[in-house]
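Beneath this line is the structure, given in structure tokens, with notes to follow.
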């Protein structure tokens, strides 16, 4: 008996980590192929962002700052897609900008994947405008507070801001109905809170990676009106959007599709943690029984 | 629904897929394919950042301000701006930074460093004090412990706020090392330690969630655009 405990504990302790990788990969692939999905609904941290857009005055513009690079796109891009679809479904012009040098490419991907495919009737400059990346981080935010033209005399296509219908009546950041920063690090949501949200009367919300989430949750609800955290936050937003706008269900629900494999992978990780602890307990039992 | 294979004919998709597999191969063990992908990543990233840095920072913020006519070369249709002598100051500070390359002149590099550190610290101090200190205190204790909605006591919200307050105070007590942690004081400190452990666990869980999302993203790219199964 004691020998059995010892042998089992040794096997668990010497489990090659490559088995864990292989099982994790197999579970993710199978979940993706079978289309496993988990039901989701917007929590009280995500719902206010949806409600804010729903209750904006007609035609109020939304500023969407895509502050991430390709390495964080799987987590943050579904949020950009869902927010873009929501804004266009409700008739609010979107203004894209970025604090990241790779931001222009990230904006192009949203334009191609969502606007061009799902909203072919959308008109540039009327329904959306791309200001793009500008260097400066927090200093850029600071200089945009009173005047967008201070740093963006034109949009990325060279059109003067004064000639863009989507920005009619917009002078500075306070004229937007909502500002959302989808943030992978610095500069990002933190800088938006420090240099825009906390110093002027402007509703600010955010989306962040799973790694960054613990840093941003303390700012809710006093300093940001809502927060989407990683793929889960995006899936919650998609759930709220699907409930409020049935036409959205046919659209691209990227995060909801990713949550099935994500949940399955979490179960595998928890199972391996339990297995590791079982090995430790068996080792203790074996040590106690040994003379 | 599992569909048949439909391999992509797009070279860009193939490069992305093969580089992904090369990086994944490190999970088996270190190998030349992984090394190749690693070196390509570092090289491409460095080149990309250098080019972006030049065209998004140096060119518009320095070159075009000191030599406005150069704008005709990069954007022939754009109007030529005015000469801005203020740009000479950052140009001089930038050149002083390069002095660090010569040991005898390296002391000159301390000036722009001091300028950058001083202005950033001075500018950020008030904002951090307000956002990360005063507002955080307000968020912890200032919202009221018994909020009501329409005259009804919201016990769940009140309990959550009490937990946040108790967790913050006990966490702070744990870090007070000028008094021995025993008796009731010690129990509060141990509760603080428990709160800290739960916080670290939640942070770790959140990080794992993020990493798994990236893994799912890569497999979606491999099975979707590359193999055409999804």
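Each row is one residue, and each column tells you yes or no for (1) assigned by TED's automatic domain parsing to the domain that holds residue A:264; (2) assigned to a helix (DSSP H, G or I); (3) in contact with a helix residue (DSSP H, G or I) (Cβ under 7 Å, 6 or more places away or on another chain).
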{"residue": "A:7", "(1), (2), (3)": "yes, yes, no"}
{"residue": "A:21", "(1), (2), (3)": "yes, yes, yes"}
{"residue": "A:27", "(1), (2), (3)": "yes, yes, yes"}
{"residue": "A:64", "(1), (2), (3)": "no, no, yes"}
{"residue": "A:82", "(1), (2), (3)": "no, yes, yes"}
{"residue": "A:85", "(1), (2), (3)": "no, yes, yes"}
{"residue": "A:95", "(1), (2), (3)": "no, no, yes"}
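Of the candidates A:147, A:157, the single residue that is in contact with a strand residue (DSSP E or B) (Cβ under 8 Å, 6 or more places away or on another chain), in the same structural domain as residue A:95 (by TED's automatic domain parsing), surrounded by fewer than 23 Cβ atoms within 10 Å (Cβ to Cβ) and modelled with pLDDT under 95 is A:157.
All conditions in (1) closer than 30 Å to residue B:225 by Cα; (2) part of a loop (DSSP other than H, G, I, E, B); (3) touching a helix residue (DSSP H, G or I) at 6+ places or on another chain (Cβ under 6 Å) hold for residue A:132, with the sole exception of (2). Residues that are free of Cβ contacts under 8 Å to residues at least 60 places away in the same chain, surrounded by fewer than 24 Cβ atoms within 10 Å (Cβ to Cβ) and within 14 Å of chain B (Cβ to nearest Cβ) within the range A:65-105 comprise A:70, A:73, A:101, A:102, A:103, A:104, A:105, listed in sequence order.
No other residue among A:262, A:223 is touching a strand residue (DSSP E or B) at 6+ places or on another chain (Cβ under 8 Å), on the phi < 0 side of the Ramachandran plot and either surrounded by 13 or more Cβ atoms within 10 Å (Cβ to Cβ) or free of Cβ contacts under 8 Å to residues at least 12 places away in the same chain (or both) apart from A:223. Once the range A:163-187 is narrowed to residues that are in a loop (DSSP other than H, G, I, E, B) and more than 14 Å from chain B (Cβ to nearest Cβ), the residue that is surrounded by the most Cβ atoms within 10 Å (Cβ to Cβ) is A:176.
Annotation for the range B:129-142: no member residue is without any contact (Cβ under 8 Å) to a residue 60 or more places away in the chain and touching a strand residue (DSSP E or B) at 6+ places or on another chain (Cβ under 9 Å).
Screening residue A:254 with (1) within 23 Å of residue B:219 (Cβ to Cβ); (2) modelled with pLDDT of 90 or more gives one miss only, at (2).
Within the range B:27-40, the residues that satisfy the criterion of being at pLDDT 95 or above and touching a helix residue (DSSP H, G or I) at 6+ places or on another chain (Cβ under 8 Å) are B:31, B:33, B:34, B:36, B:37, B:38, B:40. For the range A:47-62, the count of residues that are within 19 Å of residue A:113 (Cβ to Cβ) and more than 14 Å from chain B (Cβ to nearest Cβ) is at least one. Going through the range B:160-176 one residue at a time, which ones are loosely packed, with under 13 Cβ neighbours inside 10 Å and either at pLDDT 85 or above or touching a helix residue (DSSP H, G or I) at 6+ places or on another chain (Cβ under 8 Å) (or both)? Scanning the range B:160-176 gives B:162, B:163, B:172, B:175, B:176.
Tell me whether the range B:89-103 contains one or more residues that are within 30 Å of residue A:219 (Cα to Cα), surrounded by 12 or more Cβ atoms within 10 Å (Cβ to Cβ) and in contact with a helix residue (DSSP H, G or I) (Cβ under 6 Å, 6 or more places away or on another chain). The answer is no, given that none of the residues of the range B:89-103 is within 30 Å of residue A:219 (Cα to Cα), surrounded by 12 or more Cβ atoms within 10 Å (Cβ to Cβ) and in contact with a helix residue (DSSP H, G or I) (Cβ under 6 Å, 6 or more places away or on another chain). Restricting attention to the range A:188-220 and to residues that are buried (at least 23 other Cβ atoms within 10 Å of the Cβ) and more than 11 Å from every other protein chain (Cβ to nearest Cβ), the residue that is nearest to residue A:77 (Cα to Cα) turns out to be A:207. For the range A:246-291, the tally of residues that are within 20 Å of the chain's Cα centre (by Cα) and away from chain B (no Cβ under 14 Å) stands at 3. Here residue B:62 meets the list (1) loosely packed, with under 15 Cβ neighbours inside 10 Å; (2) within 12 Å of chain A (Cβ to nearest Cβ) almost entirely, failing just condition (1).
The values are calculated or read from the model by the stated rules, or taken from the named source; none is laboratory data. Just so we're clear, the structure is a prediction, and the values are computed from it rather than from any experiment. Here the Cβ is made from the backbone with ideal geometry for all residues, glycine too, and neighbour counts use every protein chain on show.
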